[in-house]
Amino acid sequence: MKKLTIVLSLFVVGIASSIQAQEISNNKFGKGIKVVAQDSSFYMKASMRFQTLYDGEMNLETNEWSDNVMIRRARLKFNGFVYNPKVEYKVELAISNRDNGKVAPENNEAASIVLDAVVKYKFAPGWQLWFGQTKLPGNRERVISSQALQFVDRSQVNSKYTIDRGTGIQLRHKDKIGKMVIKEALAISMGEGKNFTADNIGGYEFTGRVEFLPFGEFASKGDYFGSDLKREKTPKLAIGVTYDQNNNTNRVAGFKGDFLAESRNQNTVFIDAMFKSKGFSTMIEYADKKTDESAIVSDGVYQTGTGINVQAGYLFANNFEVAARYTGIKPEDNNWSDDYSEMTLGFSKYIVGHSLKVQSDLTYVDHDLSDFIFPGDTAPRFNDAFRVRFQVELSF
């Protein structure tokens, strides 16, 4: 007992000493922890974030309610430069089960912990060369960080048709003509998505994107975060077009999903736009993903088709936002999904921008509206539904 008392006393003294020895940091909440080498040969910003989500859904045919509370995402991120400010890097790790693929004990899929591990070299003014694993220059909604979304999560257009991440090389360029800005990106990647360690089983994936900003750049890169948190004083518009070809893939979504017995070339086109002005923001995105042959093969079906997402919101002076979103999904072949529409009403309170916020949304999943928008569809196999979500985001 005496020894235990001594140990506890030493522990308390150690804690007290540690508290007194704490250093005052110049870092600011939401901006990460920044470290610079004394000789300026190294810089790192380290940050962490997580999302706690409640997700409830009612089947409107059976009136059955199902729900769950989860850590939707938990991330560690490191970025900065090494040796020279022209040599940048980014590393992002996913550490929650829901975030990295280990969603259930019976799931044998390998955990996808490494999201980004990429080196970026600024070899000339306006030019960058990237090498490693990171997001491809795909649809705008996907490239926007999951921390910086206008709604609780991305739309079903992104979920069904995105091209996500890849491992390979990217060439990026930005040029200004007066106030106008043009951005181009080219990527060559392996085509099997992230953390794929086997030899390349098919062909390569080629991605190209062009963006046009006719009224100049957004404040603080606002064309790649949701809501007009910077309250653009003058209208700002960004229009982007992406084309992606994934050669000889045999995964249902190209970069992820089950492996099929036959290979296909998958071609994807994205057209998107972002507009912001004085607290109002809107984003429009269209996706068209096709195979060069029939989507149906002997042991399954490729996840291809078209979709459209339209959303808009207004940020009030107290940083409370109301937003609405319409999403329509039309599969290339109904064997993998119904045609359906989603209508979502979202509410967000930005306490410290996207670093500390509370978000909730209400969604109605409707097949009848889909029949009106996509005439000639087959009868749905799934029921209409009503979904409620509530999420708290914390990033520091």
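The values are calculated or read from the model by the stated rules, or taken from the named source; none is laboratory data. Just so it is clear, the model here is predicted, and its values are computed rather than measured. Note that each Cβ is placed from the backbone with ideal geometry, even for glycine, and that neighbours are counted across all protein chains shown.
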### Query
Inside region 68-88, can you point out the residues that are in a strand (DSSP E or B) and out of contact with any Phe, Trp or Tyr (no Cβ under 7 Å at 6 or more places or on another chain)?
ASN68, MET70, ARG72, ARG75, LEU76, LYS77, PHE78, ASN84, PRO85
### Selection within region 161-177 - basic (Lys, Arg) and either under 17 Å from PRO137 (Cα atoms) or touching an Asp or Glu at 6+ places or on another chain (Cβ under 6 Å) (or both)
ARG165, ARG172, LYS174
### Query
Within region 252-266, can you find the residues that are part of a strand (DSSP E or B) and surrounded by 17 or more Cβ atoms within 10 Å (Cβ to Cβ)?
LEU260, SER263, ARG264, GLN266
### Message
Looking at VAL252, VAL241 in this structure, which one is hydrophobic (A, V, I, L, M, F, W, C) and modelled with pLDDT of 90 or more?
### Response
VAL241
### Task
Could you list, in sequence order, all residues of region 87-120 that are over 18 Å from GLN147 (Cα atoms) and at pLDDT 90 or above?
VAL87, GLU88, TYR89, ALA117, VAL118, VAL119, LYS120
### Query
For region 66-86, which residues satisfy the criterion of being under 23 Å from GLN128 (Cβ atoms), at pLDDT 95 or above and exposed (fewer than 14 other Cβ atoms within 10 Å of the Cβ)?
LYS86
#### Entry: All positions within region 256-289 that are within 17 Å of the chain's Cα centre (by Cα) and modelled with pLDDT of 95 or more
PHE270, ILE271, ASP272, ALA273, MET274, MET283, ILE284, GLU285, TYR286, ALA287
### Query
For the subset of region 186-202 comprising residues that are aliphatic (A, V, I, L, M) and part of a loop (DSSP other than H, G, I, E, B), which member is modelled with the highest pLDDT?
MET190
### Message
Criterion first (buried (at least 16 other Cβ atoms within 10 Å of the Cβ) and either at pLDDT 95 or above or outside any loop (DSSP other than H, G, I, E, B) (or both)) does LYS174 satisfy it?
### Response
yes
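Given the options SER220, SER263, name the one that is touching a residue at least 12 places away in the same chain (Cβ under 8 Å) and of a type in the set (Ser, Thr, Tyr).
None of the other options fit; the residue is SER263.
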### Message
For region 135-152, check the following and say yes or no: at least one residue is among the small types (Gly, Ala, Ser), buried (at least 17 other Cβ atoms within 10 Å of the Cβ), part of a strand (DSSP E or B) and in contact with a strand residue (DSSP E or B) (Cβ under 8 Å, 6 or more places away or on another chain).
### Response
no
### Task
Tally the residues that are among the basic types (Lys, Arg) and crowded, with 18+ Cβ neighbours inside 10 Å, restricting the search to region 267-280.
1
### Message
Of the conditions (1) at pLDDT 95 or above; (2) in contact with a Pro (Cβ under 9 Å, 6 or more places away or on another chain); (3) surrounded by fewer than 15 Cβ atoms within 10 Å (Cβ to Cβ), LYS179 satisfies every one except a single condition; which number is it?
### Response
(1)
